[in-house]
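Here the structure is laid out as structure tokens; the discussion comes afterwards.
Any read-out appearing in this document is the output of simple, stated calculations on the displayed coordinates, not a laboratory observation. Being a predicted model, the structure only gives us computed values, none of them experimental. Glycine gets a Cβ as well: all are built from the backbone with ideal geometry, and neighbour counts include every protein chain shown.
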Amino acid sequence: MGLDVGLIQSHERHYGTFVCAICQNMVDLEALVTTKCSHVYCSSCLPFWLEKSSTCPTCNQDLLYANDSSQHHSASMQIQGHQFLVQSLAKSQPLAYRLLKTVLVECPLTKQGVICDWKGDYSDLQSHLLSSTAHSNATGRSFHETSEAKEAAAVAPTPMEIEDENRDKSHRSKETLTLAVSLKEQANGQFESQHYKEALSLYSKAISVIENATDKNDFNEHPELSSLLATLYSNRAATNLQVGEYASCINDCETVYQRLDPCNSKVYIRASRASLQLGDLRQAQVILQRGLDVPSLSTNSLLKKEQRQISELILAEKRGQEELTTQQYATAKGTFGHLLKAAPSAVPFLLGAARADLGLGLTDSALRLTKRILMIHPRSPMGCWVRGQALFLMGEAETGIKMMQEALRLDPDSEEIKRSFRSSKKVKSWMKEAKQKMFVRAFAEAVDLLTSCIDQCDPLPPKSALFALLHTDRAEAFLRLKEYSKALKDCAVVLYAQEDNIPTWLIKFQALHGLDQSETAMDEIKHLLQRFEQDDRLRKAYERADFLIRKKRRVDYYQLLDVPKIASAMEIKKAYKRRSLDFHPDRLPPGSSPEQQQEAQQKFQLLGEGLEILCDDFQRKLYDEGYDAAAIRERVEAANQAAHRHRGYNHYHH
């Protein structure tokens with residue numbers, strides 16, 4: 001809702017474009033403009049219209065961005081969950097916005113009977129309404145007049161003077177009432193258009209007008225002033241509730257039900273809702289009970305409904321705390337998630353949800369929640385502590401311990417924080433020592449240190465990075481000790497919770513190779529490569545598994561030739577002559593079956609292949625390294641091609 005066109009002093013040619021077709025007032029300064037047809041509307045009117053229709057109220061053009069086939073109007077904004085061809089006037093058309101700000105207007109309070117001669121730019125209207133000097137003639141006496149009145153009071157007044165004073169006082173009270181009501185109406189308009197900051201300022205101005213110009217006797221003589229003041233405090237409480245100033249909301253409500261109007265049911269509800277948003281359910285319950293204790297409100301259905309809801313939330317919070325204590329973290333996460341729907345910024349609920357996420361190993365979520373806590377309450381010891389634990393579980397030990405130290409500084413008497421801080425320092429020290437032991441090949445000692453770390457950490461959820469790090473490091477130590485089964489066990493507990501942890505998979509593959517289960521490793525590597533095609537570590541693991549499988553299946557030429565691995569080329573040739581007599585197909589006894597003949601022929605061919613490989617230094621070196629015949633041929637061919645290219649380059653001289 002904008003400004004009544006009756007208050008505009010400029011010519012219609014100046015302001016006509018800025019009249020909202022929905023409310024028929026001049027648009028507010030936060031006006032929206034359609035980027036497709038350039039029609040201007042109030043910032044609250046257009047979203048309300050677009051809830052029911054997606055077309056422009058003036059020209060009926062479709063404003064949905066998805067339906068814009070031309071795609072020329074890229075400027076858009078999200079309203080009610082949909083993207084519309086709408087933009088802020090100030091951003092989309094800055095020149096038009098400057099013209100809107102310079103429209104000449106008069107004070108809107110004049111329509112409510114307040115005497116005010118102010119006229120000025122539209123952009124200065126809010127400053128005028130909130131000015132401490134504006135409308136001073138409507139609020140009664142000035143400071144100078146008040147001083148003179150005090151001096152005159154020292155002299156006994158005559159009956160005529162008393163009558164004149166009472167008449168002036170009554171007149172001032174009426175003027176004060178008129179001004180305060182006018183400011184309230186302006187504030188209500190701002191509240192309805194969701195301009196809460198402006199509404200808050202206007203409600204505060206109206207309250208100060210009444211409180212500065214009246215005393216207790218005025219309230220007795222003019223009860224409508226007391227009623228209006230209660231309404232203003234109540235409305236300001238509602239505005240504070242909207243902008244998240246929950247403590248101020250409670251203070252305003254207390255002013256109403258303690259001083260002005262204890263029968264106002266709205267202030268009890270607003271104070272209880274503000275207490276709920278602060279996470280103080282007990283205070284919310286006390287406030288509602290206080291309202292129900294008022295005789296005229298004892299059967300109020302709204303208060304009873306609020307009380308039932310608060311009672312349910314109290315039970316839910318109690319249940320959530322019990323679930324955290326018994327380490328039912330998944331259930332606790334759901335419980336505190338339900339509480340956060342009712343109060344998204346309540347620190348106790350955020351803290352409970354963060355602790356549940358921490359227990360589940362969802363450290364990223366815990367960090368986000370604790371960030372919200374510390375933005376609301378920067379000196380929250382529990383917020384610092386939970387954030388420190390989350391960082392520690394993410395493997396950022398140094399930063400995590402610093403956060404825990406800050407939590408301990410804020411709450412030095414907390415035994416829970418002390419215990420966690422000391423435990424984390426021990427784990428960090430043992431991890432560093434275990435790394436040094438691995439470096440000097442003291443693997444058994446490294447296993448003991450890492451086991452101590454695992455036992456010391458509480459909590460150590462399986463989904464956390466620290467859980468994977470400690471168990472993977474211990475698995476590597478077991479691998480170096482050739483305790484492959486224990487290494488596989490540590491890898492299994494990590495991969496059960498974190499199946500995409502590649503370093504753990506690599507340790508598992510090595511353990512499988514150690515147990516002569518390279519085929520199993522190969523199957524798992526192939527499955528992983530389908531998910532992580534570009535991972536070089538897995539490709540190298542695949543090549544290693546393939547190499548070991550081929551090595552395992554290759555022919556043992558030394559055994560076939562019946563020579564030791566250190567045999568010379570001459571000894572290998574003599575052995576070949578001797579063994580070829582045993583496997584030559586022509587030397588088989590008469591009556592040999594076709595299968596025997598085929599087997600002899602294959603062994604005879606393998607003897608020749610073995611002779612060729614073992615009598616060539618390059619090929620024999622490759623064979624001793626574990627390559628099979630096919631791989632050796634590939635490398636020999638590659639070496640020959642490289643040598644050929646090198647000889648070709650030598651033909652060119654410069």
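Determine, for each peptide in 409-416, 224-231, 637-644, the mean count of other beta carbons within 10 angstrom over its residues, then list the peptides with the highest first.
Final packing ranking: 224-231, 409-416, 637-644.
With just the Cα atoms defining each centre, how far is segment 3-44 from segment 440-496? Give it in Å.
69 Å
Given contacts defined as C-alpha pairs under 8 Å and at least six residues apart, what's the relative contact order of the chain, whole-number percent?
Computed over the chain, the figure is 5 percent.
Any idea what the relative contact order of segment 5-105 is, in percent, if you count C-alpha pairs under 8 Å spaced at least 6 apart?
For segment 5-105, the relative contact order is 31 percent.
Taking the alpha-carbon centroid of each part, what is the distance from segment 231-261 to segment 87-110 in angstrom?
Between the Cα centre of segment 231-261 and that of segment 87-110, the gap is 32 Å.
Which of the lysines could be linked to LYS577 by a straight reach, that is with a Cα gap under 16 Å, when you skip same-chain ones fewer than 8 residues away?
Excluding near neighbours in sequence, the set is LYS603.
With +1 on the Cβ of every Lys and Arg and -1 on the Cβ of every Asp and Glu, and nothing else charged, how large is the dipole of the chain about its Cα centre, in debye rounded to the nearest 20?
Here the chain has a charge dipole of around 2680 debye.
Hey, fewest Cβ within 10 Å first, where do CYS384, CYS491, CYS457, CYS263 land in order?
CYS263, CYS457, CYS384, CYS491
Normalising by the residue count of segment 319-424, find the relative contact order in percent from Cα pairs under 8 Å and 6+ residues apart.
18 percent
Quick check on the exposure proxy: order SER568, SER365 from fewest to most C-beta atoms within 10 angstrom.
Starting with the residue having the fewest Cβ neighbours, the order is SER568, SER365.
Please give the peptides 434-442, 274-282 ranked by average Cβ packing (other Cβ atoms within 10 Å per residue), highest first, as a rough proxy for protection.
The most tightly packed comes first, giving 274-282, 434-442.
Stokes-Einstein at 37 °C, 0.692 mPa s, Kirkwood radius from Cα pairs: D for the chain in µm² s⁻¹?
Stokes-Einstein gives a translational diffusion coefficient of 96 µm²/s.
Go ahead and run the numbers for FRET between LYS305 and ARG282, Cβ-Cβ distance against an R0 of 25 Å, rounding to 0.05.
0.85
If you take the charge dipole of the chain about its Cα centre, with +1 on Lys and Arg Cβ and -1 on Asp and Glu Cβ, which of GLN601, LEU288, TYR15 is farthest toward its positive end?
GLN601
Between the helical axis of 415-439 and the dominant principal axis of the chain, each derived from Cα atoms, what acute angle in degrees is found, rounded to the nearest 10?
Tilt relative to the chain: about 30 degrees.
So what's the back-of-envelope 222 nm ellipticity for the chain, counting only DSSP H runs of four-plus at -39500 (n - 2.57) apiece and dividing by all residues, rounded to 500?
After summing the helix terms and dividing by residue count, I get -21500 deg cm²/dmol.
According to the square roots a ≥ b ≥ c of the eigenvalues of the Cα gyration tensor, what is the shape class of segment 411-487, taking rounded for a/c under 1.5, prolate for a/b larger than b/c otherwise, and oblate for the remainder?
Verdict is prolate for segment 411-487.
Once amide H atoms are placed 1.01 Å from N in the peptide plane, what residues at a sequence separation of 5 or more from HIS39, or on another chain, have their amide H within under 5 Å of its amide H?
The answer is THR34.
Work out how far the C-alpha atoms of segment 1-71 reach from end to end along every principal axis, then list the three figures in whole Å, largest first.
Computed over segment 1-71, the largest-to-smallest principal extents equal 42, 22, 18 Å.
For q = 0.24 Å⁻¹, what log10 I(q)/I(0) does segment 557-649 give under the Debye formula with an equal point scatterer on each alpha carbon and no solvent?
With no solvent term, the Cα-only Debye profile gives -1.14.
Segment 540-555 to segment 400-424: how many Å between their Cα centroids?
52 Å
Classify segment 438-559: rounded, prolate or oblate, from the alpha-carbon gyration tensor (a ≥ b ≥ c, eigenvalue square roots; a/c under 1.5 rounded; otherwise prolate if a/b is larger than b/c)?
Because a/c hits 1.5 or more and a/b fails to exceed b/c, segment 438-559 counts as oblate.
Relative to the longest principal axis of the chain, what angle (0 to 90°, nearest 10) does the C-alpha long axis of helix 159-192 take?
Rounded to the nearest ten degrees, it is 30.
How do 504-517, 394-407 rank on mean C-beta neighbours within 10 Å, highest first?
504-517, 394-407
Taking amide H positions as placed 1.01 Å from N in the peptide plane, with prolines and chain starts having none, which residues 5 or more places from ILE79, or on another chain, fall under 5 Å of its amide H?
HN-HN under 5 Å from ILE79: PHE84.
For an R0 of 60 angstrom, estimate the FRET efficiency from the Cβ-Cβ distance between ALA569 and HIS82 and round to the nearest 0.05.
Efficiency, rounded to the nearest 0.05: 0.10.
Compare the Cα positions of LEU46, ALA66, LEU100 along the charge dipole of segment 5-105 (+1 at Cβ of Lys, Arg; -1 at Cβ of Asp, Glu; about the Cα centre) and return the one farthest towards the positive end.
Value: LEU100.
Putting +1 on Lys and Arg Cβ atoms and -1 on Asp and Glu Cβ atoms, find which of LEU393, PRO462, ILE373 reaches farthest to the positive end of the dipole of segment 362-464.
The Cα lying farthest towards the positive end belongs to ILE373.
Quick check: the angle from helix 246-255's long axis to the longest principal axis of the chain, C-alpha only, nearest 10 degrees?
30 degrees
Does segment 327-413 classify as rounded, prolate or oblate by the C-alpha gyration tensor (a ≥ b ≥ c root eigenvalues; a/c under 1.5 gives rounded; else a/b over b/c gives prolate, otherwise oblate)?
oblate
Which value, in debye to the nearest 20, gives the size of the charge dipole of segment 470-510 about its Cα centre, when Lys and Arg are +1 and Asp and Glu are -1 at the Cβ?
In total the dipole reaches around 220 debye.
Using the Cα centre as the reference, give the magnitude of the dipole from point charges on the C-beta atoms of segment 426-553 (Lys, Arg: +1; Asp, Glu: -1; all else neutral), rounded to the nearest 20 debye.
The dipole magnitude comes to about 400 debye.
Which lysines, if any, have their Cα less than 30 Å from the Cα of LYS174, not counting same-chain residues under 8 positions apart?
LYS111, LYS119, LYS150, LYS184, LYS197, LYS205, LYS216, LYS266
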